[in-house]
1. Can you tell which of Ser43, Ser74 is closer than 24 Å to Leu215 by Cβ and among the polar types (S, T, N, Q)?
2. In region 64-94, what residues are in a strand (DSSP E or B) and surrounded by 19 or more Cβ atoms within 10 Å (Cβ to Cβ)?
3. Search region 102-119 for residues being small (Gly, Ala, Ser) and under 21 Å from Gly55 (Cβ atoms), and hand back the single one that is surrounded by the fewest Cβ atoms within 10 Å (Cβ to Cβ).
4. Given the criteria in contact (Cβ under 8 Å) with a residue 60 or more places away in the chain, buried (at least 23 other Cβ atoms within 10 Å of the Cβ), under 16 Å from the mean Cα position of the chain (by Cα) and not in a strand (DSSP E or B), does Ala53 qualify?
5. For the condition touching a Ser or Thr at 6+ places or on another chain (Cβ under 7 Å) and of a type in the set (Val, Ile, Thr), what is the one hit in Thr58, Thr33, Thr21, Thr67?
6. Could you figure out which of (1) more than 26 Å from Ile68 (Cα to Cα); (2) touching a residue at least 24 places away in the same chain (Cβ under 8 Å); (3) among the small types (Gly, Ala, Ser) isn't true of Ala173?
7. Any residue in region 231-252 that's over 22 Å from Val216 (Cβ atoms): show its pairings with residues that are surrounded by 10 or more Cβ atoms within 10 Å (Cβ to Cβ) and hydrophobic (A, V, I, L, M, F, W, C) at Cβ separation under 6 Å, as long as the two are six or more apart or on different chains.
8. Being in contact (Cβ under 8 Å) with a residue 40 or more places away in the chain, closer than 22 Å to Leu246 by Cβ and surrounded by 14 or more Cβ atoms within 10 Å (Cβ to Cβ): is that true of Lys199 here?
Amino acid sequence: MSDDVSDIAFFYNGDPEREHTRLERHQLEYELTWRYLDQYLPSQGSILEVGAATGRYTLELAKRGYTITAVDLSEVLLEKCRKSILDQGLERRVRFVVADARNLKAVAEKGFDAVLLMGPLYHLIVKADRKAALKEAFDRLRAGGILFSSFLSRFGLMGDLLKRIPDWIEDQAEVKSILEQGRRPDHYPRGGFRGYFPKPAEIAPLHEDIGLDTLVVAGVEPAISADDESYNKLQGKQRGQWLDLLYSISTEPSILGASRHILYVGQKRKR
């Protein structure tokens, strides 16, 4: 492992509630991701969830009858996940492992029906580390199994930055580095949300290089930029109609990079 990510664990350990409530703010991301999970997950089976965090997906997957190995770098986030599972009486369905996505030796099992790698790749700034995490997941996936991974889009971030921290633009060294390299300047101090932000064209080849066939690359916040509030207040039939529309355009190449989050779905080649 070539990069020390202890600062990332510290970042998440410091405020687990912020991570737990994130998808309440970003409801389209959550609901559209579930559209793809519903489409490509097998109806039953075993799931390796690397980056389970506080269990927003874990809990729903367990309720649906899947058996899950929930992995996270942050022991604090994973403890909150464990509590949610225990509170629902679903502890027999979930195993918890604190581990780095680049080294899953603590997960000896092979042959998972699906792997969710939705979070760890945000923070692996070195390409070799991203490939290592994908290889660890790939090695534990059965032939024909499905892998889901997620990324923060380089240009999709801009709407969120403009909305939340407009003074970011004043640090022109960081602006230039993000635009050109997808990460902060290497000499900047560690801490906070340190990550790597790819262009959409990088994503499928990264997975295909390790033996996955690409099924979908989708923006899970298509056409809304940072305007979560307008989607969040929708209700009933109208909300469903907007979700249908945004799902239908989520793979449109002309807007893919404008989504903050990009979801990849691939299948392990059958021998």
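1. Working: Ser74 fails: closer than 24 Å to Leu215 by Cβ.
Being closer than 24 Å to Leu215 by Cβ and among the polar types (S, T, N, Q) holds for just one of Ser43, Ser74, which is Ser43.
2. Residues satisfying the conditions are Ile68, Thr69, Ala70, Val71, Asp72, Val94.
3. Out of the qualifying residues, it is Ala106.
4. yes
5. That would be Thr67, the only listed residue that is touching a Ser or Thr at 6+ places or on another chain (Cβ under 7 Å) and of a type in the set (Val, Ile, Thr).
6. Checking Ala173 against (1) more than 26 Å from Ile68 (Cα to Cα); (2) touching a residue at least 24 places away in the same chain (Cβ under 8 Å); (3) among the small types (Gly, Ala, Ser), the one that fails is (2).
7. If the second residue must be surrounded by 10 or more Cβ atoms within 10 Å (Cβ to Cβ) and hydrophobic (A, V, I, L, M, F, W, C), the pairs left are Leu234/Trp242.
8. Considered against the rule, which asks whether it is in contact (Cβ under 8 Å) with a residue 40 or more places away in the chain, closer than 22 Å to Leu246 by Cβ and surrounded by 14 or more Cβ atoms within 10 Å (Cβ to Cβ), Lys199 comes out as yes.
The values are calculated or read from the model by the stated rules, or taken from the named source; none is laboratory data. These numbers were taken from a predicted model, which means no experiment stands behind them. A quick note on method: Cβ atoms are made from the backbone with ideal geometry, for glycine too, and the neighbour counts reach across all protein chains shown.
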